[in-house]
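Trainee: Would you mind keeping the following structure in view while I ask a few things?
The values are calculated or read from the model by the stated rules, or taken from the named source; none is laboratory data. Quick caveat: nothing in here was measured; it's all calculated off a predicted structure. Glycine gets a Cβ as well: all are built from the backbone with ideal geometry, and neighbour counts include every protein chain shown.
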Amino acid sequence: MKILYVSSKYNRGKPELGYMPQHYNIYDTLVKINGGINEVLYFSIDEKLKELGREEMNKRLLETIDKEKPKLVFFVSGSDKIKKEALREITNKNEIITLNWYADDHWKFHNYSKYWTPFYDWVATTDPDSIPKYHKRGLNNVILSQWGCNHFLYRPLNLEKMYDVTFIGAAHGNRRKIIKKLKDAGISVKCWGRGWPAGMVSQEDMLKIWSQSKINLNFTKSSGILWKELATIFFHRRYDGKIRPVNPRYWLDNIKVMWISMFANQIKGRNMELPGCRTFTLSEYVKHLEDYYEIGKEIDCFRSIPELINKIKYYLAHEEEREAIAQAGYNRTISDHTWEKRFNKIFEVAGLAKE
C-alpha cells in the first residue's frame, strides 16, 4: 500500500530540537509495519509551510496526491495548517482514504475535533470517553485506538542500573513540585527534558537512561498554565504564528477545553514505551489505564505524592519484584500494545487490511 504521511517533522518546527515524537513512533512504524511492505512518502508540514507558505503548501499537497496516487493519506494534524477545503477535495477522491490521528482529543474535542472530523474518511482517538460525544453529533467515522510502543525502536538494552529514579519529559505543570517532594524525602531522582537543569537528551540517550534506571516515572496530567489557558478562550495562535481574536461563538467551546486541560489526565505514549523497553514503570494513575495493563503486576501507579514516595522506597528495596513487573509489562506490551498492532486494527476497520 502506498501511504502519504502528512505531519510536522521537528519539535516546534526547529531541526535543532530533534524530531517530533510521532516521527519515531507513527512514521517509523508505518515504514516498517508487516515487514516493510508499504511505500511511505513523507509530506513534512512544518518544512513545507516554512518553504512555501500556507496557500502554496496546500496546493503542493494536492499536487503530490495527484502525482503519487496514495491509497491512504495518514495525517497527524491538530491545527489549521492544512485547509478544510484541501481536506474536502482529498477525501472526496474515491480511490483515496484519509485518516487523521488525533492527539490530545481528551480536551481538543470541543474546539477542534468535532469541527474537523467531517473532513476525513476516518479519525482515530485515544480517548474512550469522547466516542459518545462523536456519536451524539452524528459522527461515526471515529476509531478508538490508543498510544503504543514502536517495538522496532524501543527495546530492552540490558544495561547496568545506575540511577534509582528518573524522569524524562518537560518540567511543566506540577512536575517540579513532585520532584522536589521526592528529593526532600531523600530519594535520588534525576530528570531530563525541557525546563530541567540537565536539559534535553537525544532519542538514543533517552532509551539508554530508561534501561539504566531502576524506576522510571511517568506523569499523566496536562501542561495547563492558568493565565495561558484563560488567554486561549479569547485568542488563538494561527498557522503562521500570529495571534488573532477568537470569534465569540467559540468562547464556550474554549472554556470547556480550558477547564478540561487544566485538570484532566490522559494516557501517554510513555505508558507503552517504558514497559516496551522492559523497564519498571511507576505511572501517575489515569482512567482506563487498567484496560491496558494489570496495575501492580505489569506496571504500577500512584495517586498522590505520599503514595509515590512510599512505592519508590518499596520497589527500590524489592528488586526481584520490581524486575518481575518490568518483565510482565514488557510481555504485555509486545503482545498487545505495539504500534504495528494498533495500525493493523485501524487498517482493518478502514477497509485497508488486504491492501
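Trainee: Within segment 48-87, track down each residue that is closer than 21 Å to Y115 by Cα and in contact (Cβ under 8 Å) with a residue 60 or more places away in the chain.
Mentor: R54, V73, F74, F75, V76, S77, S79, D80, K81, I82
Trainee: Which pairs do you get when a residue that is among the hydroxyl-bearing types (S, T, Y), found in segment 184-197, comes within reach of a residue that is modelled with pLDDT of 95 or more and part of a helix (DSSP H, G or I), reach meaning Cβ atoms under 9 angstrom, with the pair 6+ apart or on two chains?
Mentor: From segment 184-197, the pairs are S188/L182.
Trainee: Check segment 46-60 and report whether any residue there is crowded, with 18+ Cβ neighbours inside 10 Å and under 23 Å from F347 (Cα atoms).
Mentor: No, segment 46-60 contains no residue that is crowded, with 18+ Cβ neighbours inside 10 Å and under 23 Å from F347 (Cα atoms).
Trainee: Taking the stated definitions as given, is I299 at pLDDT 95 or above, touching a strand residue (DSSP E or B) at 6+ places or on another chain (Cβ under 9 Å) and more than 21 Å from H151 (Cα to Cα)?
Mentor: Answer is no for this residue.
Trainee: For K67, indicate whether it is among the charged types (D, E, K, R), assigned to a loop (DSSP other than H, G, I, E, B) and over 26 Å from K341 (Cβ atoms).
Mentor: No; evaluated as a whole, the condition is false for this residue.
Trainee: Continuing with the same structure: Consider L153 carefully, then state whether it is of a type in the set (A, V, I, L, M) and either surrounded by fewer than 21 Cβ atoms within 10 Å (Cβ to Cβ) or closer than 18 Å to S8 by Cβ (or both).
Mentor: Working: of a type in the set (A, V, I, L, M): yes; either surrounded by fewer than 21 Cβ atoms within 10 Å (Cβ to Cβ) or closer than 18 Å to S8 by Cβ (or both): yes.
Judged against the criteria, L153 is a match.
Trainee: Scan (1) farther than 27 Å from Y315 by Cα; (2) in contact (Cβ under 8 Å) with a residue 60 or more places away in the chain; (3) aromatic (F, W, Y) for the single condition F119 breaks and write down its number.
Mentor: Unmet condition: (2).
Trainee: Please identify the pairs in which a residue from segment 278-305 that is among the hydroxyl-bearing types (S, T, Y) has its Cβ atom under 7 Å from the Cβ atom of a residue that is assigned to a loop (DSSP other than H, G, I, E, B) and surrounded by 14 or more Cβ atoms within 10 Å (Cβ to Cβ), counting only partners at least 6 apart or on another chain.
Mentor: Listed pairs, sorted by first residue: S283/T220; Y292/Q146; Y292/H337.
Trainee: When segment 290-318 is examined, which residues are found to be aliphatic (A, V, I, L, M), farther than 18 Å from G186 by Cβ and buried (at least 20 other Cβ atoms within 10 Å of the Cβ)?
Mentor: Within segment 290-318, just I299 meets the criteria.
Trainee: If the Cβ limit is 9 Å and pairs must be 6+ apart or interchain, which residue in segment 15-35 that is farther than 23 Å from K2 by Cβ pairs with which residue that is among the acidic types (D, E)?
Mentor: Between residues of segment 15-35 that are farther than 23 Å from K2 by Cβ and residues that are among the acidic types (D, E), the close pairs are P15/E47.
Trainee: Here are some residues: K81, K69, K32. Which one is surrounded by fewer than 16 Cβ atoms within 10 Å (Cβ to Cβ) and of a type in the set (K, R)?
Mentor: Result: K69 is the single residue among K81, K69, K32 that is surrounded by fewer than 16 Cβ atoms within 10 Å (Cβ to Cβ) and of a type in the set (K, R).
Trainee: Let me ask you something else. In segment 4-55, which residues are among the aliphatic types (A, V, I, L, M) and closer than 26 Å to R155 by Cα?
Mentor: Matches in segment 4-55: L17, M20, I26, L30, V31, I33, I37, V40, L41.
Trainee: List the number of the failed condition for I346; all other conditions in (1) touching a helix residue (DSSP H, G or I) at 6+ places or on another chain (Cβ under 9 Å); (2) modelled with pLDDT of 95 or more; (3) among the β-branched types (V, I, T) hold.
Mentor: For I346, the exception is condition (1).
Condition check ((1) over 19 Å from R270 (Cβ atoms); (2) among the aromatic types (F, W, Y); (3) modelled with pLDDT of 95 or more) across all residues:
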{"site": "K180", "(1), (2), (3)": "yes, no, yes"}
{"site": "I187", "(1), (2), (3)": "yes, no, yes"}
{"site": "K190", "(1), (2), (3)": "no, no, yes"}
{"site": "G195", "(1), (2), (3)": "no, no, no"}
{"site": "T232", "(1), (2), (3)": "yes, no, no"}
